[in-house]
Ligand SMILES: [Zn+2]
Ligand SMILES: [Zn+2]
């Protein structure tokens, strides 16, 4: 059988909010000049997929095919595609399009384009406004080639998915902080939350040369964090340990999704001019108080994913320095098991689905 996009794409979809995903078929949109077709090999499952399945943010439309950490092989390209070829291994992240023309796009911050389209959040991503853009819980995708990123040769495909959303999300602010050099030498970076995002953030920060501190409740994850490259460990549940590290950090990256973060609890760790930066989505950030920030000249900030150029830089860096997510493998057909483990908080550390729908 020729490797071409089928008339009906097979997928796993949630048909209503909070439902389990089940088999679902949909036709691809017509191939536009800048589109490419990919055969999906792997898809990561991100906490955001669960929020979208559950319609936690009121953005979801059903049937909803999740998956925005997609890896695949290019099997066809539109007539205007010049930089991708059939056979290329590519990744698609949370963003599927931007306008390319606005001030933000022109400035290279296309992840902040007011007309950006996320991979399946808005559902209609094509120019007709009719066809639905679905996620990577599918056998194939037809999508804007400009948001398909070539994967460096030699980087194992099954590890790519978690880089496409989670990896980019943690690496982009660290790159911005490090500057063009990607060098965090002589910087002390703290990573709060050692889960799906945090375990990648430790690797990126450490491999960029930072003195990297894992910040976690209890000491159970200490040796694990050291193995990832952390040079220090701060037990956030220990007042003595927090005191011992007071005024130490230049930058603190919050990688916690869900739960309540008491921001004031962490401010004492910061050096003057330090930055507390959020990338995970906690349920709530609590106990915000201006004075401790002001009197230490601290910055509080946050960021969503990263730009296209940061994506390319991140993939190159991950391949060169072997930043690799720790994954648990499932398949598209067993996606519900992966979803349940993420709901239960028992996943180590990112779930990846291998496409077995073909
Ligand atoms: Zn995500
Ligand atoms: Zn734009």
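Here are some notes:
- Any hit, the stretch 95-109, residues being closer than 25 Å to residue 12 by Cα, part of a helix (DSSP H, G or I) and out of contact with any strand residue (DSSP E or B) (no Cβ under 8 Å at 6 or more places or on another chain): no
- Qualifying positions in the stretch 51-67 - in a helix (DSSP H, G or I) and surrounded by fewer than 19 Cβ atoms within 10 Å (Cβ to Cβ): 51
- Of the helices (runs of 4 or more DSSP H) lying entirely inside the stretch 277-356, those containing at least 1 residues that are over 17 Å from the mean Cα position of the chain (by Cα) and over 24 Å from residue 258 (Cα atoms) are 290-294, 308-321.
- All of 229, 179, 209 fail the test of being touching a helix residue (DSSP H, G or I) at 6+ places or on another chain (Cβ under 8 Å), at positive phi, free of Cβ contacts under 8 Å to residues at least 60 places away in the same chain and assigned by TED's automatic domain parsing to the domain that holds residue 266, apart from 229.
- For the stretch 1-40, a residue qualifies if it is over 13 Å from residue 76 (Cβ atoms), surrounded by fewer than 16 Cβ atoms within 10 Å (Cβ to Cβ) and in contact with a strand residue (DSSP E or B) (Cβ under 8 Å, 6 or more places away or on another chain), and the qualifying residues are 8, 15, 20, 22, 23, 25, 27.
- For the stretch 73-94, the count of residues that are within 27 Å of residue 339 (Cα to Cα) and out of contact with any strand residue (DSSP E or B) (no Cβ under 7 Å at 6 or more places or on another chain) is at least one.
- Counting only strands (runs of 3 or more DSSP E) that sit completely within the stretch 146-248, those holding 3 or more residues that are buried (at least 23 other Cβ atoms within 10 Å of the Cβ) correspond to 188-192, 211-216.
The values are calculated or read from the model by the stated rules, or taken from the named source; none is laboratory data. Model, not experiment: these values are computed from the prediction. Using ideal geometry, Cβ is built from the backbone for each residue, glycine included, and neighbour counts are taken over all protein chains shown.
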